[in-house]
Amino acid sequence: MTIDTTYPDFTLKYTRLLLKVMTTARSTSTDTGEGKHSTVSVLRALSDDKSLELFKIIASGTVPDAVYPIDGDGLVNTQLLISKVKLTRKQYYSRISTLISSGLVKRSNGKYLLTSLGKIVYSVSALIDQAILDHWKLKAIDALEAKSSSGILDEERKKIVDMLIDNYDLKNLLTRGRYLHNEAGNQIYSADTKSASTVSRYPPTIRMTQILK
């Protein structure tokens, strides 16, 4: 595969590196079965309190606002994890292995880190934690909607949510949630129809779809 040399040096450097990494990652995922990741496998990896606690402690090594503060240089290793979570070594290794195989956690130079997928899942879990803290406010919104015989206008509902909920992400989900399903369908269709035109703007020599087939 060739790359158009008219692109700036830094673009060439990272394009080559990206293609190499993507090819390796794709091959590794196929060989190890990682391509079988699913929502179910991710949720199963965090399905008990101790696994979730391990996950959140590992997140504390890299996430600034994480729940579990880590002393020192933020090195999250086996010794630290075992000292903070009351598990036998067998229980610990079983859970950490599941977190790694699910694609949420990786081990590098003796320490554990969240993967990119793990960071996204951590953000979602933090939002769930906040929603649980605000559960009585959410119940109030549901009760108000149920008791309104004529229904609540979107504008009025947004005002109620703004008054009760402080968290921006929760507000956004509650005010836009009813539209998400339709938008998701539209985005999938849009992605399918636009992908060809997006790729066509670049020279055939650097179209990454060539390595994704």
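Every read-out reported here was derived from the displayed coordinates using simple, explicitly stated rules and does not represent laboratory data. This is a predicted model, so every value here is computed, not measured. Cβ: placed from backbone, ideal geometry, glycine included. Neighbour counts: every protein chain shown.
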Proxy reagent accessibility, fewest Cβ within 10 Å first, across Val121, Val161 = Val161, Val121
query = Do the alpha carbons of any pairs in Lys50/Lys84; Lys147/Lys171; Lys139/Lys159; Lys86/Lys119; Lys56/Lys111 sit beyond 19 Å of each other, and which pairs?
reply = Lys147/Lys171; Lys86/Lys119
query = How large is the dipole of region 110-151 about the Cα centre if only Lys and Arg carry +1 and Asp and Glu carry -1, each at its Cβ, rounded to the nearest 20 debye?
reply = 160
remark   = Taking R0 as 45 Å and r as the Cβ-Cβ distance between Ser148 and Ser116, the FRET efficiency 1/(1 + (r/R0)^6), rounded to the nearest 0.05, comes to 0.60
query = Gain in length, Val40 to Ser125, computed as 0.36 nm per residue apart minus the alpha-carbon separation, to one decimal in nm?
reply = 29.1 nm
